[in-house]
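Structure, as structure tokens:
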Amino acid sequence: MTSSQLTPPQDTEPAIPDNPVNHVRSSRDYRIGIVGCGPRGLYCLQSLADQLQQSVALPAISIVIFEPSEFPGAGNVYAPSQPDFLRMNFAAKQIDAWTRPCPSDSPRLNLVDWLKEHGHAADQPEGYVSRGLVGRYLNDCFQRVVEQLQRVATVNVLREAVSCVGRLTDSWQIRTGRTLFNFDDIVLTVGHGHWQDEATDTEKQTETTKPAFIPTFPVERNLTEHCVPPGSDVAVRGFGLTWIDTALALTEGRGGEFHRAGNAWTYHASGREPKCLYPVSRSGRPMLAKPDESLFAPPQALNEIWMHGKQSLDAITRPITGQAFKEQLWPVFTDAAATAVNLCSGTPLTSQDDVATWFDRWCQSPMNSSVALETMKQSFAVATGQSAPDIAWALGAAWRNLYPALVRCINYGGLSSEAWPNFRKIAAEMERIAFGPPAENVGRILALVDAGLIDLHYLAGSMQLQSNETTDDEAGPKCLLVNGIATQPVDVAINAVLPSPQECTTLGPLQSLLDEKTIGRLHGTAAIEVDAAGRPLRNSTGVTEGLAIMGRATEGCVLGNDTLSRTLHDHPQRWAESVIKRIHGVEILA
């Protein structure tokens, strides 16, 4: 389904499906718009399909899905067209696009079962598959959801970006580059949005016109040999997951090969790689490897620790003040971590204060190159069972396993405004400690360091960009790296830092809603304030009916949006239920 095959819904009388379910003809159809259809948009559609199929006495329903990318359900982040060396940091066993029970006869497969059905039986549930493969799964789920929706509604998919959303008297108006649409109900799930504008036509740019920073994504267009020539010295801004993708794209993506012997990784170059990659980071702190926790202690024993921690978090009174955050919430994590590391070591030598002290030291001044390298090596050794569990492992495990209860604590204004600065600082560091790459990718990065293709000496240094107007390729470099001791000229600078959730709200339809004060931000954060169904709140007194916003733009009001999990949040289900109530004229209360 493409836009060339579709007619704007407000200009046509919607067709009644061949097998309608208790449809009641009204003066016109009920119109629903889905703006953005990556995974979160898919989840909204799937929940809506279930609700519509189970409902009675409905008018004719018309649904329009606005998704510019080629593969709805996958979006840009999980585009099936991306190379296979871009891997997940979320285990295959945790990915399931469906909620249950199933109201139809159509089979609903999680990722592991889908992989088996499509000839990928060798992939293990504990493994980390490519993002492109996950994208193919998500797109297949999207096709199944559309088939389900078409039994009860008219469905159109437009490969168009939405530039503006506005409120009319009794409806919502969506503007694209070509036309206007009116809807009774819309949901915005724009996620990361489009890849940065600088990536547009990068292949066509000449050496004198290319941007000072080349964005990492999409790697198949931005990090080609034309854009990043073999033998060049390359500075990379960022030291997180996108940095790892950048490093792999410029090595494994250039025909190099990684070989594994036991837990040791080595790299064999193709000769097409850059001469050297120089990551630069404000903190210098790496992301730690995700371990297989079953290596360390009986799962039941660890689960008892996590269950106790969840119960402690659930018992904290909301809203959580700054003092309560310091004295009640954070100690739950340090206590769980100390208990876990003592259980796995068999010797109760680590105290809650030891964990808190370790974390405070971790957060101090930027990490230098040698400490960062040793931290990565230690993390890899623990994650692969070569070294005993340490505090870093235990704190990461506590954060991951207690996260659902933390979400319940924080969501929808659970933190007072004075508690937010401390939480924001801790959450940023725990992203590095708990939600890092699979151990195999840390092993690959260490192999590239050993091969001399990654140099960490400027990790906590500074990057001095030379403007296109003052830089001549024949005369000198486009960028200089400085670490206080030495200076390193580089030929290419890559931006491996994705826009923050708050930056994403300044683009496209969300900005138009903010400008009109139709939506607002939660106190103490830059997040769009919504209720449990994704409906924006007006001065915390009532919902904005007919509009819902989900995903990264609400990060802060809703915790942990960057996940494929269907169990961490139930916003799509609640939104779908609210749509049915609106269709039937039931007032929606905050």
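Since every read-out is calculated from the coordinates, none of them should be taken as a lab result. All of these numbers come straight from a predicted model, not from anything done at the bench. With ideal geometry, Cβ positions are generated from the backbone for all residues, glycine too; neighbour counts draw on all protein chains shown.
Points worth noting:
- Global form of the stretch 379-492, assessed from the alpha-carbon gyration tensor, a/c cut-off 1.5: oblate
- Within the chain, all pairs of alpha-carbon atoms sorted by distance into 20 Å bins from zero give the percentages 19, 51, 28, 2.
- DSSP bridge orientation in the chain - percent antiparallel, rounded to nearest 5: 45
- Charge context of W306, other residues only, Cβ under 13 angstrom, K/R +1, D/E -1: -2
- Value of Rg to Rh for the stretch 361-441 (Rh from inverse mean 1/r over Cα pairs, i.e. Kirkwood): 1.03
- Dipole magnitude of the stretch 248-349, debye to nearest 20 (Cβ charges: Lys/Arg +1, Asp/Glu -1, about Cα centre): 500
- Taking each DSSP H run with n ≥ 4 as -39500 (n - 2.57) and averaging over every residue of the chain yields -10000 deg cm²/dmol at 222 nm.
- Lysine pair count for the chain [Cα-Cα under 28 Å; pairs on different chains or 8 or more apart]: 20
- For the stretch 122-155 and the stretch 328-407, distance of Cα centres in Å: 36
- Charge dipole (the chain, unit charges on Cβ, about Cα centre) - positive-most of T317, G520, H118: T317
- A convex hull fitted around the alpha carbon atoms of the stretch 256-360 yields 183 Å³ per residue.
- The stretch 26-61 and the stretch 517-550 have Cα centres separated by 21 Å.
- Amide hydrogen neighbours beyond the local backbone of I494, cut-off 5 Å, H modeled: I214, A235, V236, R237
- Highest to lowest packing among 348-360, 175-187, scored as the average C-beta count within 10 Å: 175-187, 348-360
- Mean projected area (nm²) of the alpha-carbon convex hull when the stretch 293-434 is viewed from all directions: 8.4
- About the Cα centre, charge dipole magnitude for the stretch 293-434 (Lys/Arg +1, Asp/Glu -1 at Cβ), debye: 340
- Relative to the longest principal axis of the Cα atoms of the chain, helix 369-383 runs at roughly 60 degrees.
- Between the listed residues F333, I410, A356, the Cα displaced farthest toward the positive end of the dipole of the stretch 293-434, a dipole computed from Cβ unit charges relative to the Cα centre, is found at I410.
- Estimated dipole of the chain in Debye, rounded to 20 [Cβ of Lys and Arg +1, of Asp and Glu -1, Cα centre]: 880
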